[in-house]
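Here's the structure, in structure tokens; my notes come after.
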Amino acid sequence: MGKVEIPILSYTEIRRKADEFREKFWGKKQMPLDIELIVERDLDIIIDIRRDLNALFDIRGYINILENKILVDEYFFESNEELSRFTIAHEIGHMILHSGIYKIANVSTLEKYNEFRNSITEVEYSRLEGQANIFAGCLLVPTQILVAEYNKILKERGDMSKMAIIFKVSKRTLVYRIKKEILDK
């Protein structure tokens with residue numbers, strides 16, 4: 001495997017790609033976005049639930065772009081809907097942002113994925129995963145709806161955790177999106 005370069009993508013660029021993806025496959029429909037429906041129906045990607053994926057490979061999910069398949073760890077899929085949804089959106093982030101890299105590196109099996117993972121630096125791996133995380137958060141928690149819900153909760157002096165329910169994401173994902181889209185502005 002030759003040297004693969006992980007591109008540096010800005011937060012704004014990743015958010016734009018997530019917004020374009022959502023608009024194309026979900027439009028203006030209500031939240032939460034049904035990521036499983038989009039993946040299976042619109043993208044014709046199989047979601048394959050695997051036992052011990054995390055225990056054996058230290059990953060919650062993996063996308064095999066060549067076989068149109070996303071593997072998700074069974075434990076996370078069965079026990080944590082928010083994390084499962086985020087994992088699937090994260091893997092779609094890799095497909096949108098990194099498919100060229102995965103093809104060049106011939107990431108066609110979990111073993112080849114591990115080879116690829118071991119061939120890049122920790123900084124590159126963090127960049128790759130961080131970009132997919134940003135994509136997933138932006139996809140599942142659209143900025144415009146986030147800001148509207150945030151302002152509504154503030155006005156009503158309501159509970160911020162209700163917002164996590166609206167988007168079906170973890171509080172951690174929600175806090176990150178609020179920080180990036182509202183507090184850091």
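Every read-out reported here was derived from the displayed coordinates using simple, explicitly stated rules and does not represent laboratory data. Note that the coordinates shown come from a computational prediction; the quantities given were computed from them, not determined experimentally. Note that we place each Cβ from the backbone using ideal geometry, even for glycine, and neighbour counts take in every protein chain shown.
Relative to the first principal axis of the alpha-carbon coordinates of the chain, what is the inclination of helix 11-25, with its axis defined by its Cα atoms, in degrees from 0 to 90 and to the nearest 10?
The angle comes out at about 90 degrees.
On the first, second and third principal axes, largest extent first, how far apart are the outermost C-alpha atoms of segment 53-163 in Å?
51, 27, 26
Output the direction-averaged projected area (hull surface divided by four) of the convex hull of the alpha-carbon atoms of the chain, in nm². Don't jump to the answer; show the numbers that get you there.
Values: hull surface 42.4 nm².
Projected area, direction-averaged: 10.6 nm².
Whole-Hz Karplus ³J(HN,Hα) for segment 98-112, in order, using 6.51 cos²θ - 1.76 cosθ + 1.60 and θ = phi - 60°, x for Gly and Pro?
Listing the rounded values in order: 10, 4, x, 5, 5, 5, 4, 7, 6, 7, 10, 9, 4, 5, 5 Hz.
Nearest 5 is fine: what % of DSSP beta bridges in the chain come out antiparallel, could you say? Could the numbers behind the result be given before it?
Values: 4 of 9 bridges.
Of the beta bridges lying entirely in the chain, close to 45 percent run antiparallel.
Relative to the longest principal Cα axis of the chain, at what angle does helix 143-156 sit, 0 to 90 degrees, rounded to 10?
So the inclination is approximately 40 degrees.
Do you know the relative contact order of segment 1-141, to the nearest whole percent, from alpha carbon pairs under 8 angstrom that are 6+ apart? Show your work: numbers first, answer last.
Working: 170 pairs, mean separation 44.5, N = 141.
The normalised contact order for segment 1-141 reaches 32 percent.
Sort LEU53, LEU9 so the one with the fewest other Cβ atoms within 10 Å of its own Cβ comes first. Don't skip to the answer; put the middle values down first.
Details: LEU53 22, LEU9 17.
Going from sparsest to densest Cβ surroundings: LEU9, LEU53.
Roughly speaking, what is the centre-to-centre gap between segment 30-91 and segment 97-136 when only Cα atoms are used, to the nearest Å?
16 Å
Shape verdict for segment 1-67, please, from the Cα gyration tensor: rounded (a/c under 1.5), prolate (a/b greater than b/c) or oblate.
Values: a/c = 2.03, a/b = 1.18, b/c = 1.72.
Since a/c reaches 1.5 but b/c is at least a/b, the shape of segment 1-67 is classed as oblate.
Fewest Cβ neighbours within 10 Å first, please rank THR109, THR87, THR12 accordingly. Let's see the in-between values first.
Numbers: THR109 13, THR87 25, THR12 8.
If I rank by nearby Cβ atoms, fewest first, I get THR12, THR109, THR87.
May I ask you to sort GLU74, GLU5 by Cβ crowding, counting other Cβ atoms within 10 Å and putting the fewest first?
GLU5, GLU74
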